[in-house]
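The values are calculated or read from the model by the stated rules, or taken from the named source; none is laboratory data. None of these values were measured; they are calculated from a predicted model. In this analysis, Cβ positions are derived from the backbone assuming ideal geometry, glycine residues included, and neighbour counts consider all displayed protein chains.
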Amino acid sequence: MIRTDVLARRGSLHLRADPSRVLARPFLPGQEMLTEGISRADAVVRRVVALSEDEVTRALAATLSSFSDRHPDLLATFREHFALVAHRIPRGASISLDRADLIGAFCTQEYAIEGAAICNPSIVADPSQEDLAPGELRFIMSLRGIGEGHLSTIGFRRGILGPDDRVSLEPATRGIDTGASTPSTMSLHALRQALGTLGDADAAESVLSLLPDEFTPDDLENALALSERDTLSRSRTDGLIDRIRRLVSSNYRVVFPDDLDLSARVLHPVSPAESRGMEDARFTGFVGSDGAVTHYATYTAYDGSTIAPHLIQTDDFRTFSVRQQTGKPATNKGMALFPRLIDGRFRAISRWDRENVSVASSADALHWEDPVVVQRPRHAWDLVQLGSCASPLETADGWLVITHGVGPVRTYALGAILLDLDDPTRVLGILDEPLMTVEPLDRDGYVPNVVYSCGALLHGSTVVLPYGCNDASIRFAFVDLPRLLARLTTP
């Protein structure tokens, strides 16, 4: 284990997963979560239809008694899930409302969003800073919840930072909700750029020429129906239609109820591109040219075999807009947005080549270009790979970027670099020692030997750094900014 003059002070708060926080999700027997199989829903529906009315009444009452305190409006959930299998009711069968509700119960499962672990937090200042004592700052922390099948979701907690490294979190509520999702429009320009990155733009022209400048998934299906399918089937790119649908479906909007506590709001996979998880959201408060703050986050969408960086945008942490990012710099994990425009363009830290830290540029935060490598592995603790942790922090001396490196026995360590404020492809300083390493007494967990963060926040002259311990739990570290900057060496 590498030892160093410790720069990071570790706080005492230790947040662990709570497996009692559960969602009520659709369930089709025979097609359990994250597995392939033949549906047994027809047989189960027939068995429920064959029950006597007394058995139905008793079973439904027992189910509601056992689970209603765990989910808001459970009957509404059962009815929503019954609608998914209503077409399986045997022809001619007349069923009561209780029987329909019970069928919905049989087509429901609980999913613990933190059943396995929580990790990889990011942190931003809360838009609301009322009713605080001097020296306090209210924050919003995102976190990655890992549940059954290693499926990841994005959750939120609210807390307060105080003087002297004090941090407190509001209690998390039960009765969590995934909000209401609806498709968003996509611009034809964005689709052309995405397909151009994949080399598919020319082959898809018969479809693209039929789309308006802003289109919906229904517009796409109409264009596909009108286009010459044989032209697409003879193209050199197999599965082109599926790729187009996948790109379009990655644009959606999620809205949560006004009265739902922040800790009960969970972003759960919606599109095929993220069907196996939404990982490692990196939130930042992006300051526009008018001074207004919009919160963006990049995250990794995972479908079980491929990954794709996606972008979240929200003004209030109630309504979230999600879109896929494209371009060469947006082809791997670890993208992190700078918190303002630089020379009129969005910038992001990227690890598109899987091992180096680069800075990329974009006109719209969606299509990324021109990655420039700013740091390569060179220390014993980062020779496997480098990558960003958090979105860059703006200081008077430059952009402070918290990084991660991987060394022997896949042991993680955190580092830091300083980039020029006006030209972030120019490196001003590098920390030649780890900012943080895994402590010997805190190295075991879901994934051993990991210390990892997805976001940091400046509170006065302190860098507040929540971090994941071994992909299993979350703690906080505090770094004196002037002391850290003084330790950065000229590259």
- Task: Would you please name the residue that is nearest to Asp370 (Cα to Cα), looking only at residues in the range 195-214 that are assigned to a loop (DSSP other than H, G, I, E, B) and in contact (Cβ under 8 Å) with a residue 24 or more places away in the chain?
- Result: Gly199
- Output the residues belonging to the range 223-255 that are of a type in the set (A, V, I, L, M), over 18 Å from the mean Cα position of the chain (by Cα) and at pLDDT 80 or above. Ala223, Leu224, Ala225, Leu226, Leu240, Ile241, Ile244, Val248
- Looking at Ser128, Ser142, which is the one that is buried (at least 17 other Cβ atoms within 10 Å of the Cβ), in the same structural domain as Ala264 (by TED's automatic domain parsing) and of a type in the set (Gly, Ala, Ser)? Ser142
- Query: Restricting attention to the range 73-119, and to residues there that are of a type in the set (Phe, Trp, Tyr) and without any contact (Cβ under 8 Å) to a residue 40 or more places away in the chain, which single residue is surrounded by the most Cβ atoms within 10 Å (Cβ to Cβ)?
  - Reply: Phe78
- Message: Within the range 171-194, does at least one residue satisfy the condition of being more than 21 Å from the chain's Cα centre (by Cα), in a loop (DSSP other than H, G, I, E, B) and surrounded by fewer than 20 Cβ atoms within 10 Å (Cβ to Cβ)?
- Response: yes
- Task: Might you let me know whether the range 408-418 holds any residue that is among the basic types (Lys, Arg) and either in a loop (DSSP other than H, G, I, E, B) or crowded, with 23+ Cβ neighbours inside 10 Å (or both)?
- Result: no
- Message: Testing Asp382 on (1) outside any strand (DSSP E or B); (2) acidic (Asp, Glu); (3) under 14 Å from Leu418 (Cα atoms), one condition comes back false. Which one is that?
- Response: (3)
- Query: Any idea how many residues of the range 471-491 are polar (S, T, N, Q) and assigned to a strand (DSSP E or B)?
  - Reply: 2
- Among the numbered criteria (1) of a type in the set (Gly, Ala, Ser); (2) in contact with a Gly (Cβ under 6 Å, 6 or more places away or on another chain); (3) assigned to a loop (DSSP other than H, G, I, E, B), which single criterion is violated by Gly445? (2)
- Task: State yes or no: is Asp364 in contact with a helix residue (DSSP H, G or I) (Cβ under 9 Å, 6 or more places away or on another chain), closer than 17 Å to Thr284 by Cβ and surrounded by fewer than 16 Cβ atoms within 10 Å (Cβ to Cβ)?
- Result: yes
